[in-house]
Amino acid sequence: MDDHARTPLRDAHTDREAAKSTPDTAQTRAPAYRLAFTDDDFMCRDELRPVRLQLELLKPELLLDEAGIISTIVLFGGARIPKPANKDKARTKTLADLSRFYDETREFARLMTLKSMKGGGTEDVIVTGGGPGVMEAGNRGAIDAGGHSIGLNIVLPFEQAPNEYVTPELCFNFHYFAIRKMHFLMRAKAICVFPGGFGTMDELFEALTLIQTGRMKRVPFLLFGRAFWEKIINWEALADAGTISADDLDLFRFVETADEAMETIENWKETGARAEIPGR
């Protein structure tokens, strides 16, 4: 049965098209006469924020369900990480040195996508933020394997079209950071974090906090590049100060390469795991 004809009632698509041929009068030209769900000005009112939040949560959820996506492998990482071929153009020596993680991301995504495809391509699907740098490398690795991947883009004042490697029908655009981060984690089977900036750290710490507090099931949580992360964050100092527990340092592992990451996920042991709250 056609999706738009599941009930005997006249559907919204029909009325949306009919409204386009409404006689042109002073009344029909008035904003008040527009169908509410086709009225962009109305939908963008402050009072409609709860509705927009719900729509932004629901649209990707429905489309991912329809695509049969069951679980994902989440890749977080910096948009500014250059391809190794472009490292001489990097703004800093550190960025140039970090360029190796572009290739590691790409290779990890390729290996994980090959594994996913063996099971039908519905589990362990790569998901990135859909932008450049590490995100591009992740989606590109899925293409290398002949598979599909998800991109969760967001409207920013200085960026960005989605990278060209995201599977088009699995490419989403967000207004709300909070809803975007929910979609990153709702199907997460593992979380891999590559070097990055504020956005990457925001995603890293929100995910760790959810796991630490039992608001999310514990999953393999990998930080690529021990030297980078230990320079940026003094993990041991947090534990020594008592602001986190020593067990919290066991919520994640450091890895350096794609092969090491695949092995770590395969052999993940939930030592020191906390209480888990099931469901989404």
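A short reminder: the numbers here are calculations on the coordinates, not readings from a lab. Note that the structure is a prediction, hence the values are computed from the model and not measured. Cβ sites come from the backbone with ideal geometry, for glycine too, and all protein chains shown count toward neighbours.
Computing Rg and the Kirkwood Rh from the Cα coordinates of the chain gives a ratio, Rg/Rh, of 1.05. Against the chain, whose longest principal axis is taken from its Cα atoms, helix 49-66 shows a tilt of about 70°.
Give the long-range amide H neighbours of Ile126: residues separated by 5 or more places, or on another chain, with amide H under 5 Å away, using H modelled in the peptide plane at 1.01 Å from N. Under 5 Å from the amide H of Ile126 lie the amide H atoms of Ile73, Ile150, each far enough along the sequence or on another chain. Simple rule: put +1 on each Lys or Arg Cβ and -1 on each Asp or Glu Cβ in region 68-266, find the dipole, and look at Asn234, Phe101, Met135; the Cα lying farthest toward the positive end is Met135.
Backbone amide hydrogens, once placed in the peptide plane, bring Ile154 within less than 5 Å of Phe174, excluding anything fewer than 5 places away on its chain. Potential lengthening of the chain between Glu17 and Ala161 amounts to 48.8 nm, from the contour at 0.36 nm per residue minus the alpha-carbon distance. Quick one: helix 198-212 against the long Cα principal axis of the chain, what's the angle to the nearest 10°, folded into 0 to 90? Its long axis makes an angle of about 80 degrees. By the beta-carbon count within 10 Å of each Cβ, the least crowded to most crowded order of Ser71, Ser21, Ser149, fewest first, is Ser21, Ser71, Ser149. Per-residue Cβ neighbour counts within 10 Å put Thr257, Thr92, Thr72, Thr22 in the sequence Thr92, Thr22, Thr257, Thr72, beginning with the fewest. Dipole check for the chain: with +1 at the C-beta of Lys and Arg, -1 at the C-beta of Asp and Glu, and the Cα centre as origin, the magnitude is about 280 Debye. Per residue, the chain reaches -12500 deg cm²/dmol at 222 nm when only DSSP H runs of four or more residues are counted, each adding -39500 (n - 2.57). Using θ = phi - 60° in the Karplus curve 6.51 cos²θ - 1.76 cosθ + 1.60, the 3J(HN,Hα) couplings for region 85-95 round to 5, 10, 5, 5, 9, 5, 5, 9, 5, 4, 4 Hz; x is entered for Gly and Pro. The GNM of the chain, with springs linking C-alpha atoms under 10 angstrom apart, assigns the highest mean-square fluctuation among Ala137, Ala188, Ala36 to Ala36.
Pick from Pro162, Pro84, Pro50: which residue has the top mean-square fluctuation in a GNM of the chain where Cα pairs under 10 Å get a spring? Checking each option, the largest mean-square fluctuation is seen for Pro50. Distance between the 7 Å Cα→Cβ label points at Thr257 and Asp39: 6.2 nm.
Shown for the chain: lysine pairs separated by 8 or more places, or found on different chains, whose C-alpha atoms are under 15 Å apart, numbering 7.
Evaluated at q = 0.19, 0.20, 0.29, 0.35 Å⁻¹, the base-10 log of the normalised Debye intensity for region 27-66, with identical point scatterers placed on the Cα atoms, takes the values -0.64, -0.68, -0.94, -1.08.
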